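**Q** For reference, the structure I am asking about is given below.
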Amino acid sequence: MAAAKTSYKFTFGPWNISTGRDPFGPEVRKELAFAAKLREYKKLGFDGVQFHDDDAVSPDLIDGDPAAIEKAATKMKKILDGEGLFCEFVAPRLWEHPKTIDGGYTSNSVSDRKYAIERSKRAIDIANVLGTKDIVLWLAREGTYIREAKDPMASIGRIVDAVNAMLDYDKTIRILGEMKPNEPMDQAYLPTPGHWLGLTYRTNEPSRVGVLIESAHSILAGLDPSDDMAYVLWHGKLWSVHLNDQNGLKYDQDKVFGSVDLRRAFNTVWVLERGGFNGCVGLDVKAMRSTKPGDQTKHLSNSRQMFLRMLEVARSVDAEKVEAFRAERDYEGLEMYVLQKLMGK
Ligand code: 3MF
Ligand code: MG
């Protein structure tokens with residue numbers, strides 16, 4: 001096992017400060033200007049920003065001239081530098097554009113698939129300007145509402161082709177898959193980190209294809225986030241995480257880290273520590289719709305605080321004691337030891 005880190009870098013995306021709009025009701029808070037959001041990062045104890053391509057470059061430019069895209073990204077880089085922030089990754093937003101209605105890489109339309117790959121290449125251009133090597137793919141609409149809608153085997157091949165096109169386009173970038181089992185699709189292709197991990201080895205350069213795991217996505221798949229993370233850490237492919245929490249198998253809730261299940265949060269932090277996790281700690285959390293505008297960033301600082309508090313708990317665990325419980329097969333004792341830790345004893 002790699003040595004434990006002494007410190008962690010924290011990041012979030014601009015979408016984590018939001019208006020409270022949901023499928024059943026409109027905004028309850030005003031959209032904060034991007035520049036104003038950036039000013040919040042340091043105050044909240046965060047170091048870096050996660051970007052969708054059209055967060056970094058205005059959506060009006062995203063389908064246009066690559067030179068104009070680079071120019072806009074250069075402007076964004078200056079703003080980031082001015083705030084003392086770094087860019088963790090860029091993710092092509094392949095789920096809002098009219099050409100991605102049927103998915104991006106797995107769309108049944110040849111021209112729409114081409115659009116998705118071209119747009120991903122532009123995301124790489126933006127990443128280069130913003131000074132990051134990491135591209136994140138959340139395969140939002142790569143799936144179906146009805147099983148018969150797409151050829152499931154051809155679809156997997158198309159995802160691999162798209163990843164290869166990106167790896168070929170830039171010989172230094174890394175691609176991180178952020179898998180989610182459902183929402184917005186009924187059923188997603190590659191629904192878990194394990195599915196994506198298997199596919200990484202079939203790409204042209206497996207050493208440049210890794211994984212971002214989001215706690216809520218594992219929970220929605222009925223899996224334990226810390227076991228998913230341990231599996232991917234073992235492969236040396238856990239390059240980023242999105243920590244949050246989730247109350248059962250519902251829509252993606254993005255609750256404050258540790259707010260539903262403290263023990264699950266403990267195991268997550270414990271695994272990241274023991275596995276020598278080396279990436280950024282992203283907190284993909286959402287404020288409650290009932291949150292007042294003045295409190296709209298509390299969920300972010302609270303999640304960071306939960307992580308740091310859990311880190312203290314994880315670091316206070318006596319590894320020899322744990323081994324002794326294991327050797328005696330005294331899991332009742334081990335459980336109480338962990339519960340006492342969680343209760344501050
Ligand atoms: C959806 C997500 C996404 C990704 C983001 C970066 C909008 O459940 O988690 O957030 O994190 O697109 O890849
Ligand atoms: Mg996420």
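The values are calculated or read from the model by the stated rules, or taken from the named source; none is laboratory data. Every value quoted in this text rests on a predicted model; they were computed, and no experiment measured them. A quick note on method: Cβ atoms are made from the backbone with ideal geometry, for glycine too, and the neighbour counts reach across all protein chains shown.
**Q** Does segment 281-298 contain at least one residue that is among the aliphatic types (A, V, I, L, M), in contact with a Phe, Trp or Tyr (Cβ under 9 Å, 6 or more places away or on another chain) and in a helix (DSSP H, G or I)?
**A** Within segment 281-298, not a single residue is among the aliphatic types (A, V, I, L, M), in contact with a Phe, Trp or Tyr (Cβ under 9 Å, 6 or more places away or on another chain) and in a helix (DSSP H, G or I).
**Q** Ok, one more. Search segment 227-256 for residues being touching a strand residue (DSSP E or B) at 6+ places or on another chain (Cβ under 7 Å) and under 22 Å from R21 (Cβ atoms), and hand back the single one that is nearest to ligand 1 (Cβ to nearest atom).
**A** So, considering only residues that are touching a strand residue (DSSP E or B) at 6+ places or on another chain (Cβ under 7 Å) and under 22 Å from R21 (Cβ atoms), the one nearest to ligand 1 (Cβ to nearest atom) is H242.
**Q** Could you grab me the full set of residues in segment 293-307 that are touching a residue at least 12 places away in the same chain (Cβ under 8 Å) and not β-branched (V, I, T)?
**A** Within segment 293-307, P293, Q296, H299, L300, S301, N302, S303, R304, M306, F307 meet the criteria.
**Q** Another question, then. Being within 14 Å of ligand 1 (Cβ to nearest atom) and acidic (D, E) narrows it down to one residue among E214, E205; which is it?
**A** Matching residue, one of E214, E205: E214.
**Q** Condition first: of a type in the set (S, T, N, Q) and within 16 Å of ligand 2 (Cβ to nearest atom). Now tell me which residues in segment 254-270 satisfy that.
**A** Listed by number, the list holds a single entry, T268.
**Q** Which of the following residues is within 16 Å of ligand 2 (Cβ to nearest atom), touching a Cys at 6+ places or on another chain (Cβ under 7 Å) and at pLDDT 95 or above: S215, S240, S303?
**A** S240
**Q** Based on what the data block shows, is D224 within 16 Å of ligand 1 (Cβ to nearest atom) and surrounded by fewer than 23 Cβ atoms within 10 Å (Cβ to Cβ)?
**A** In short, no.
**Q** Out of curiosity, is E273 within 16 Å of ligand 2 (Cβ to nearest atom) and closer than 22 Å to K9 by Cβ?
**A** no
**Q** Which condition number does G143 fail, the rest of (1) over 27 Å from A73 (Cα atoms); (2) more than 16 Å from ligand 1 (Cβ to nearest atom); (3) buried (at least 18 other Cβ atoms within 10 Å of the Cβ) being met?
**A** It is condition (2) that G143 fails.
A quick yes/no check of all residues on (1) at pLDDT below 95; (2) touching a strand residue (DSSP E or B) at 6+ places or on another chain (Cβ under 9 Å); (3) assigned to a loop (DSSP other than H, G, I, E, B); (4) buried (at least 21 other Cβ atoms within 10 Å of the Cβ):
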position	(1), (2), (3), (4)
R39	no, no, no, no
K42	no, no, no, no
F46	no, yes, yes, yes
V49	no, yes, no, yes
S58	no, no, yes, no
E70	no, no, no, no
K75	no, no, no, no
D81	no, no, no, no
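**Q** Among the numbered criteria (1) away from ligand 2 (no atom under 14 Å from the Cβ); (2) of a type in the set (G, A, S); (3) closer than 26 Å to L197 by Cα, which single criterion is violated by G279?
**A** Of the numbered conditions (1) away from ligand 2 (no atom under 14 Å from the Cβ); (2) of a type in the set (G, A, S); (3) closer than 26 Å to L197 by Cα, the odd one out for G279 is (1).
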